[in-house]
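Q: Quick one: structure below, then a few questions.
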Ligand SMILES: Nc1ncnc2c1ncn2[C@@H]1O[C@H](COP(=O)(O)OP(=O)(O)O)[C@@H](O)[C@H]1O
Ligand SMILES: [Mg+2]
């Protein structure tokens with residue numbers, strides 16, 4: 001009887017309870033939205049860094065190395081010689097060592113020179129390859145390019161299309177290279193920055209820059225030691241003008257065979273003080289970056305906590321107000337024979353119904369909003385705000401998997 | 001049989017003092033009594049009804065109804081005693097706006113836990129008898145003042161109360177509706193043999209009752 005009365009009282013007077021419901025929904029939606037968004041953002045960042053257990057690059061800011069290599073933003077620090085790649089391979093402490101060379105773009109999408117082994121690379125043994133060609137095939141011949149799913153979607157390039165790379169990292173600046181690429185494959189979406197990449201053979205990068213420099217000035221050599229606007233724009237140049245000789249690389253992706261080997265690699269890199277390169281654990285760098293961004297996680301959690309507190313207060317106030325407005329009704333029920341406990345139960349049932357409906361609506365709005373927002377952000381930003389509920393596989397490893405002292 | 005002695009009812013007047021709303025040394029209403037309760041506004045008629053129905057516990061004194069000392073009952077026992085025993089009719093019908101007329105009429109019977117389908121049939125019969133056939137499905141907002149008051153009357157009597165308290169039931173009705181309602185009330189009292197107390201200002205209504213209780217500033221006046 002009581003439940004029915006409570007239900008009818010809400011159902012048949014929707015306008016009367018609309019304000020309360022809206023208030024409840026808004027109070028619930030906001031924290032849910034914020035929690036989902038921050039969780040999604042951190043999840044996206046952590047996920048982006050997962051395929052890069054160890055990075056080697058030119059000496060300089062480790063943040064810049066991570067931001068450039070992992071997130072495809074900012075400029076590279078400089079280059080390191082290919083012999084560093086070979087040294088890592090010969091160390092026997094890594095099961096995968098892949099060079100990466102940056103410096104060119106097509107309509108703002110970064111052209112990344114690399115080796116085909118990247119397509120077989122499985123950062124996590126329980127999952128398939130990180131970058132797999134969904135359509136077409138990997139690059140084989142000079143001038144072949146494999147593009148990320150976002151690159152394909154936004155440039156309209158398809159398998160078989162050709163495009164000309166531009167020297168520099170941003171669209172519109174720099175002169176066109178002679179190098180023309182042909183799309184041979186499109187990557188399956190990875191939900192990260194590499195969706196906006198263009199992968200080509202590192203040989204093509206070397207070749208393009210060899211033509212440009214004409215073998216007279218080793219711009220790569222300059223870039224290697226200094227950083228500045230002009231040099232940062234420079235792509236790795238060939239060490240020698242002759243074909244078939246290895247050029248410089250911007251970064252090296254290293255997958256250590258194990259934790260001990262990772263530590264050894266780090267120690268060796270730290271010992272070789274004279275070297276022009278640095279070896280970093282990007283997950284660690286990311287943690288440092290989080291704390292550098294003003295303890296932003298704590299800030300968001302604090303803000304969300306405050307919002308939840310405000311939501312609870314608003315809810316209590318609204319319920320108190322709703323209860324007050326029903327006093328005459330409760331007096332009537334008492335006069336009709338209802339006991340105090342029955343009246344209290346009616347009030348509680350009604351408030352609980354309102355609370356449940358409002359909270360459910362708010363949760364849905366907040367959750368749906370965060371899914372929509374994540375989609376919108378992913379469409380524009382290089383760093384995907386991967387929504388936790390859209391993750392294909394298990395959670396990413398916590399960003400503290402590697403726990404040596406800071407490598408910088 | 002209603003028997004009261006030394007009934008006092010005080011309300012805080014907001015200035016730290018007490019306002020004595022009721023001070024009755026002795027009150028007797030016989031079984032099947034049919035009484036008008038008269039007195040100027042503020043003389044304590046409503047307060048007396050609230051005390052007799054157990055809604056309000058008097059500050060002092062005893063009230064015995066059919067042998068039960070209701071001033072000695074706990075609030076839970078009081079609610080149980082009240083449900084189904086006391087019928088209330090107010091100046092305004094006070095129908096819940098989110099229930100249909102029928103749901104409103106069945107409310108007191110529902111609270112008392114009476115058989116719903118049987119009470120529904122009785123309610124239909126009463127609606128028909130009062131010229132409101134088929135009104136059960138309507139919402140109260142679409143009823144006239146007289147119709148609402150008649151619905152309130154059916155709600156009060158559907159539990160077959162032994163004590164029927166009508167607190168100025170005709171105060172907001174016109175002459176025709178007032179006569180119709182009073183006719184129902186008195187007919188019902190005769191048919192059921194319940195005790196009926198009816199507070200009223202209206203001399204025409206007072207004249208319908210064989211006995212009168214006259215209140216003056218909370219006390220019985222002769
Ligand atoms: N709940 C209350 N709080 C304070 N004063 C009250 C309350 N109920 C009634 N009174 C006072 O008690 C007196 C009697 O009121 P009431 O019984 O309603 O009179 P009547 O019904 O005869 O008009 C009035 O002076 C009124 O102000
Ligand atoms: Mg009154």
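The numbers here are math on the coordinates, done by the rules we state, and not lab data. Please read all numbers here as calculations on a predicted model, not as lab measurements. Cβ coordinates were reconstructed from backbone atoms using ideal geometry, including for glycine residues, and neighbour counts include every protein chain displayed.
Q: What do you get for Rg/Rh of the protein assembly as shown when both radii come from the Cα atoms and Rh is the Kirkwood radius?
A: Dividing the radius of gyration by the Kirkwood radius yields 1.35.
Q: What shape does segment A:115-163 take by its C-alpha gyration tensor, where a ≥ b ≥ c are the square roots of the eigenvalues and a/c under 1.5 counts as rounded, a/b above b/c as prolate, and the rest as oblate?
A: The shape class here is oblate.
Q: Continuing with the same structure: Please identify, among B:136, B:14, B:61, the residue showing maximal mean-square fluctuation in a Gaussian network model of chain B using a 10 angstrom Cα cutoff.
A: In the Gaussian network model the winner is B:14.
Q: If you don't mind, there's one more thing I want to ask. For segment B:19-178, calculate the relative contact order in percent as a whole number, restricting contacts to Cα pairs under 8 Å that are 6 or more residues apart.
A: With pairs under 8 Å counted, the relative contact order is 26 percent.
Q: Oh, and also: Among B:38, A:80, which comes first, then next, by fewest other beta-carbon atoms within 10 Å?
A: In order of increasing Cβ crowding within 10 Å: B:38, A:80.
Q: Here's something else I'd like to know. Using only alpha carbon positions, build the gyration tensor of segment B:1-45, then give the equivalent ellipsoid semi-axes as the square roots of 5 times its eigenvalues, largest first, whole angstrom.
A: Those come to 26, 13, 6 Å.
Q: Okay, next question. Using alpha-carbon positions, what is the distance between the centroids of segment A:302-317 and segment A:321-382, in Å?
A: After rounding, the separation between the Cα centres reads 15 Å.
Q: Per residue and in Å³, how big is the convex hull formed by the alpha-carbon atoms of segment B:147-196?
A: Expressed per residue, the convex hull around the Cα atoms of segment B:147-196 is 64 Å³.
Q: Which of B:114, B:196, B:164 moves most in a GNM of chain B, Cα contacts under 10 Å?
A: Top of the fluctuation ranking is B:114.
Q: Can you sort A:137, A:9, B:46, A:61 so the residue with the fewest Cβ neighbours within 10 Å comes first?
A: A:137, A:61, B:46, A:9
Q: Rg over Rh of segment A:71-171, using C-alpha atoms and the Kirkwood radius, what does it come to?
A: Numbers: Rg = 15.0 Å, Rh = 15.4 Å.
Ratio of gyration radius to Kirkwood radius: 0.97.
Q: Next up: Whole angstrom only: what separates the Cα centroid of segment B:1-28 from the Cα centroid of segment B:158-222?
A: 22
Q: Relative to the longest principal Cα axis of chain B, at what angle does helix B:175-192 sit, 0 to 90 degrees, rounded to 10?
A: Approximately 80 degrees, to the nearest ten.
Q: Moving on. For segment B:108-169, what does the alpha-carbon gyration tensor say about shape, rounded, prolate or oblate, given a ≥ b ≥ c as the root eigenvalues, a/c under 1.5 as rounded, and a/b over b/c as prolate?
A: On the way: a/c = 1.81, a/b = 1.16, b/c = 1.55.
The shape class here is oblate.
Q: Right, another one. Against the longest principal axis of chain B, how steep is helix B:116-129, in degrees 0 to 90 to the nearest 10, with axes from Cα atoms?
A: The angle comes out near 80 degrees.
Q: Quick check on the exposure proxy: order B:102, B:216, A:18 from fewest to most C-beta atoms within 10 angstrom.
A: By the 10 Å Cβ count, ascending, the order reads A:18, B:216, B:102.
Q: What is the distance in Å between the Cα centres of segment A:134-148 and segment A:1-53?
A: First find each Cα centre; the distance between them is then 44 Å.
Q: With the Cα gyration tensor of chain B giving a ≥ b ≥ c as the square roots of its eigenvalues, does the rule (a/c under 1.5 for rounded; else a/b larger than b/c for prolate; else oblate) give rounded, prolate or oblate?
A: Prolate, because a/c is 1.5 or more and a/b exceeds b/c.
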